[in-house]
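Participant: Have a look at this one.
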Amino acid sequence: MTDDLEPVLDAVGPRLRDLRQRRGATLADLSRTTGISVSTLSRLEQGRRRPTLELLLPLARAHQVPLDELVGAPETGDPRVHLSSFERHGVTFVPLTRRPGGLQSYKMVFPAGYHAGPPDRRTHEGYEWIYVLSGRVRLLLGDHDLTLAAGEVAEFDTRVPHWISTPDGEAAEALTLFGPQGERMHVRARPTRRGAAG
């Protein structure tokens, strides 16, 4: 970890505590809202647990603040990201990272009425993480048929046959992180009975 990142991470805990206390919420209240255990929330606020994207995303949602506010990102002047989007199989991909190779991040926009045709499961090298921002996303992964709603996340080895679409043709948006094999994101998601095909 670089020296300049250390103080940024150290400041996250006090910032989380301040946000929670300003809202008049207890750790138990926040645990019920986010699904994160009280002990984990307490360790985060005390700086005894490193903040990860898996923890910060639901906390930003619960506190109704941008992720930047949780980590105290400095003002950058013009906040616009000038990257060109592209379309693949009817889905718009907006790249959120600039460097070639390594970990890549995209916003995926599924238009209303989107139908990708019959499932066409693909495999390739890598590891993928997907977080649904709005709408619902269908993930066929091996023998699993999962429907992810807004706020749900999944990760998987892309060598497992997979296919992503929307289950009902409604508009949906998701964030996805993709990295070469070995650059696994620190998120663990298990298929839920609610999302699995009956």
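The values are calculated or read from the model by the stated rules, or taken from the named source; none is laboratory data. Bear in mind that the values here come from a model prediction, so they are computed numbers and not experimental data. Virtual Cβ from ideal backbone geometry, glycine too; neighbours counted across all protein chains shown.
Participant: Give me the residue from the stretch 124-135 that is in a strand (DSSP E or B) and surrounded by fewer than 20 Cβ atoms within 10 Å (Cβ to Cβ) and, out of that set, modelled with the lowest pLDDT. Give the steps one after another, and end with the answer.
Facilitator: Here is the first cut: in the stretch 124-135, the ones in a strand (DSSP E or B) are 127-134.
Remaining after also requiring surrounded by fewer than 20 Cβ atoms within 10 Å (Cβ to Cβ): 127, 133-134.
Details: TYR127: 83, LEU133: 93, SER134: 92.
By that ranking, first place goes to TYR127.
Participant: Residue by residue through the stretch 128-151, note down the ones that are within 19 Å of LYS107 (Cβ to Cβ) and free of Cβ contacts under 8 Å to residues at least 24 places away in the same chain. Step through it out loud before you land on a result.
Facilitator: Filtering the stretch 128-151 down to residues within 19 Å of LYS107 (Cβ to Cβ) leaves 128-139, 148-151.
Of everything in the stretch 128-151, those that are within 19 Å of LYS107 (Cβ to Cβ) and free of Cβ contacts under 8 Å to residues at least 24 places away in the same chain turn out to be ALA149, ALA150.
Participant: State all residues of the stretch 144-159 that are modelled with pLDDT under 90 and in a loop (DSSP other than H, G, I, E, B); if no residue qualifies, say none.
Facilitator: Passing the criteria: THR158, ARG159.
Participant: Scan the stretch 35-61 and report the pairs whose first residue is farther than 14 Å from ARG20 by Cβ and whose second residue is among the hydroxyl-bearing types (Ser, Thr, Tyr) and buried (at least 19 other Cβ atoms within 10 Å of the Cβ), with Cβ atoms within less than 7 Å and a gap of 6+ or a chain change.
Facilitator: Cβ pairs passing all conditions: LEU57/TYR131.
Participant: I would also like to ask the following. Mind checking which helices (runs of 4 or more DSSP H) fall wholly inside the stretch 1-120 and carry at least 2 residues that are at pLDDT 80 or above and in contact with a strand residue (DSSP E or B) (Cβ under 9 Å, 6 or more places away or on another chain)? Steps first, answer last, please.
Facilitator: On the way: elements: 6-10, 12-22, 27-34, 38-45, 53-63, 67-71.
Where helices (runs of 4 or more DSSP H) fall fully within the stretch 1-120 and carry at least 2 residues being at pLDDT 80 or above and in contact with a strand residue (DSSP E or B) (Cβ under 9 Å, 6 or more places away or on another chain), they are 53-63.
Participant: Oh, and also: If GLN46 satisfies all but one of (1) touching a helix residue (DSSP H, G or I) at 6+ places or on another chain (Cβ under 7 Å); (2) surrounded by 13 or more Cβ atoms within 10 Å (Cβ to Cβ); (3) within 22 Å of GLU6 (Cβ to Cβ), what's the number of the condition it fails?
Facilitator: Answer for GLN46: the failing condition is (2).
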